[in-house]
Amino acid sequence: MKTSPTNNRPALGLLVLIAAATCLASILSLAASTDATLHPEFWLPPDQHQTQDAERPTLIVFSADWCGPCTTFKRRALTRPEVQQAMTGRLNAIHADLTAPDSSARAAEVLANQYDITVLPTTLLIGTDGTVIRRLTGGLDAHHFLQWLEEALATPANSR
């Protein structure tokens, strides 16, 4: 008895479905395992911004838990070791989370109003004199964020 090619189509469809499900599970697992939490030993909450080193510029990242682009920016750039290494010792870093469960959310709101933040995520580099050197609206990957940061730190206003 001959087997026609059409008799094997349901089995082929099932194999394709299983392969697709396996790929999707792998992608979701990878996304879930990539931590988007900013480490508190490096990132100060906004209610502690007065305790910073006044001789260094300050990077403020405004975000919220419900903001998908904020989470992506944190995961793809801000939590990356090469970004934190490039920032260490060169600037103060503040994470102004507008949805923080504690009193730092109110401090983040005050900072957001002070700097007229209307879009999330927004990143500011503030010079030692308190002026905004650079503003970044939206997020970048680690490579492009490091380029943005290096250009911002090289701005003459930063040395005021």
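The values are calculated or read from the model by the stated rules, or taken from the named source; none is laboratory data. The structure presented is a predicted model; accordingly, all values stated were derived computationally and were not measured. Glycine gets a Cβ as well: all are built from the backbone with ideal geometry, and neighbour counts include every protein chain shown.
Number of residues in the stretch 113-137 that are under 12 Å from residue 58 (Cβ atoms) and in a loop (DSSP other than H, G, I, E, B): the value is 6. The lone criterion from (1) in contact with an Asp or Glu (Cβ under 6 Å, 6 or more places away or on another chain); (2) part of a loop (DSSP other than H, G, I, E, B) left unmet by residue 140 is number (1). Going residue by residue through the stretch 85-105, is there one that turns out to be assigned to a loop (DSSP other than H, G, I, E, B), at pLDDT below 90 and of a type in the set (Asp, Glu)? Scanning the stretch 85-105, I find at least one residue that is assigned to a loop (DSSP other than H, G, I, E, B), at pLDDT below 90 and of a type in the set (Asp, Glu), so the answer is yes.
Return the residue satisfying two criteria in turn: it lies in the stretch 112-126 and is in contact with a strand residue (DSSP E or B) (Cβ under 7 Å, 6 or more places away or on another chain) and surrounded by fewer than 20 Cβ atoms within 10 Å (Cβ to Cβ), and of such residues it is farthest from residue 43 (Cα to Cα). Of everything passing the filter in the stretch 112-126, 119 is farthest from residue 43 (Cα to Cα). With respect to residue 86, is the statement that it is closer than 23 Å to residue 69 by Cα, in contact (Cβ under 8 Å) with a residue 40 or more places away in the chain and touching a strand residue (DSSP E or B) at 6+ places or on another chain (Cβ under 9 Å) true? In short, no. The test for being part of a strand (DSSP E or B), buried (at least 20 other Cβ atoms within 10 Å of the Cβ) and not β-branched (Val, Ile, Thr) does not hold for residue 152.
Residue 110 passes every criterion in (1) part of a helix (DSSP H, G or I); (2) of a type outside the set (Ser, Thr, Tyr); (3) within 19 Å of the chain's Cα centre (by Cα) apart from (3).
For (1) modelled with pLDDT of 65 or more; (2) more than 23 Å from residue 152 (Cα to Cα); (3) surrounded by fewer than 12 Cβ atoms within 10 Å (Cβ to Cβ), each residue gets a yes or a no:
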{"residue": "19", "(1), (2), (3)": "no, yes, yes"}
{"residue": "66", "(1), (2), (3)": "yes, yes, yes"}
{"residue": "69", "(1), (2), (3)": "yes, no, no"}
{"residue": "76", "(1), (2), (3)": "yes, no, no"}
